[in-house]
Amino acid sequence: MRAAGLPREARLRRAGDFAALRNVSGRLGGRCFLVRYRRNGLDHARLGLAISKRVSKLAVERNRIKRLLRESFRRARLRLPPVDLMVMARELAVDTAGTELLADIDALWDKLISREASALKPDDANGTIVR
């Protein structure tokens, strides 16, 4: 049986990776979360969490949000394009039920997948055949 943990290569760990996402990246926003993303040149997605004390002073509440985000990422990881992701929570996330938080972040994953898929489609509708 495989471990349910998040592999080391699927996490952002270096400060430089987080800084790159803060400076130059795409953005997606939901009710409870803000996601910044950029292509990473690897063959898989990586997750970084930035849940600040501004969201909640209580560590138990911040940890609950992080646990739910990691769980959602584990389930969607193989469907996601090869991007680095940094997820930030809004203050509203603290008082929101876990099922609603999961639905919100899952909707953002789906939006990211469709946005990246449309970015990879060819823009030229004429093709290469001369008429």
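The values are calculated or read from the model by the stated rules, or taken from the named source; none is laboratory data. Nothing here was measured: the structure is a model prediction, and the numbers come from that model. Reconstructed Cβ throughout: ideal geometry from the backbone, glycine too, with neighbour counts over all protein chains shown.
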Restricting attention to the stretch 48-83, the residues that are over 16 Å from Phe33 (Cβ atoms) and touching a helix residue (DSSP H, G or I) at 6+ places or on another chain (Cβ under 7 Å) number exactly 3
Residue pairs qualifying under the 9 Å Cβ cut-off, at least six apart or on distinct chains, with the first in the stretch 105-127 being over 16 Å from Met86 (Cβ atoms) and the second being in a helix (DSSP H, G or I) and modelled with pLDDT of 55 or more, are Asp106/Ser72; Asp106/Arg75; Asp106/Ala76; Asp110/Ala76; Ile113/Ala76
All conditions in (1) loosely packed, with under 13 Cβ neighbours inside 10 Å; (2) over 17 Å from Pro7 (Cα atoms) are true of Leu78 except (2)
In the stretch 92-110, anything surrounded by fewer than 16 Cβ atoms within 10 Å (Cβ to Cβ) and touching a Lys or Arg at 6+ places or on another chain (Cβ under 7 Å) is listed as Leu92
